[in-house]
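The structure appears below as structure tokens.
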Amino acid sequence: MAAPLWRSARLARCVSSQRLRDLSKVYQLYLVTDDAFLDGQFYYKVEGAIRGGVTCLQLRLKNVSTAQYVQWAEKMRFLTRQHGIPLIVDDRLDVALAVDADGGQISLKCPRLSPLHVGGDDLPWRTARRLLGNHR
């Protein structure tokens, strides 16, 4: 069985051992949302998952307008801050910046905490990193 990502040699070159221990705590239970569950109970479902032990939330909404994405991200930002866990926004740098998402996603090139998850067909990660700045 392969070692977890946070123990890989590439990650070890970019992140201190203390940071690795911190990341292992953040990623104990990672929730990625889905549009299929976006209904009047969505907020309460996510809140229940956090109360049940989720330690990191990735908001992934593929079929909503920008305005709806920002509205949901603001609600999730309030909820995650209330419970002291990181919020990651999937694929949308504009939304991540608009709600001041705080991160947790590891970049495979040189891992660090980031408020944004980008996939292969999204904004290039170097561009996203430049726009986010080094403080995030």
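Collect the residues in the stretch 48-64 that are touching a helix residue (DSSP H, G or I) at 6+ places or on another chain (Cβ under 9 Å) and of a type outside the set (D, E, K, R), keeping them in residue-number order. Break it down stepwise before answering.
Of the residues in the stretch 48-64, the ones touching a helix residue (DSSP H, G or I) at 6+ places or on another chain (Cβ under 9 Å) are 50-51, 54-57, 59-64.
Once the filter is applied, which keeps residues that are touching a helix residue (DSSP H, G or I) at 6+ places or on another chain (Cβ under 9 Å) and of a type outside the set (D, E, K, R), the stretch 48-64 yields Ile50, Val54, Thr55, Cys56, Leu57, Leu59, Leu61, Asn63, Val64.
Please verify whether the stretch 36-49 includes one or more residues that are β-branched (Val, Ile, Thr) and assigned to a loop (DSSP other than H, G, I, E, B). Break it down stepwise before answering.
Applying the first criterion (β-branched (Val, Ile, Thr)) to the stretch 36-49 yields 46.
From what is left, the residues that are assigned to a loop (DSSP other than H, G, I, E, B) are none.
The answer is no, given that none of the residues of the stretch 36-49 is β-branched (Val, Ile, Thr) and assigned to a loop (DSSP other than H, G, I, E, B).
From the list Arg112, Arg81, exactly one residue is modelled with pLDDT under 95, open to solvent by 70 Å² or more (accessible area, probe 1.4 Å) and outside any loop (DSSP other than H, G, I, E, B). Which is it?
So the residue among Arg112, Arg81 that is modelled with pLDDT under 95, open to solvent by 70 Å² or more (accessible area, probe 1.4 Å) and outside any loop (DSSP other than H, G, I, E, B) is Arg81.
Are any of the residues in the stretch 31-42 in contact (Cβ under 8 Å) with a residue 40 or more places away in the chain, crowded, with 16+ Cβ neighbours inside 10 Å, over 15 Å from Val99 (Cβ atoms) and within 11 Å of the chain's Cα centre (by Cα)?
No - not one qualifying residue is present in the stretch 31-42.
Given the criteria open to solvent by less than 70 Å² (accessible area, probe 1.4 Å), under 16 Å from the mean Cα position of the chain (by Cα) and either of a type in the set (Val, Ile, Thr) or modelled with pLDDT of 95 or more (or both), does Val26 qualify?
yes
The values are calculated or read from the model by the stated rules, or taken from the named source; none is laboratory data. Because the structure is predicted, anything quoted here is derived from the model rather than measured. Ideal geometry is used to build each Cβ from the backbone, glycine not excepted, and the neighbour counts take in all protein chains shown. Ligands, DNA and RNA are excluded from the accessible area calculation, which covers all protein heavy atoms including side chains. Shrake-Rupley method; radii C 1.70, N 1.55, O 1.52, S 1.80 Å.
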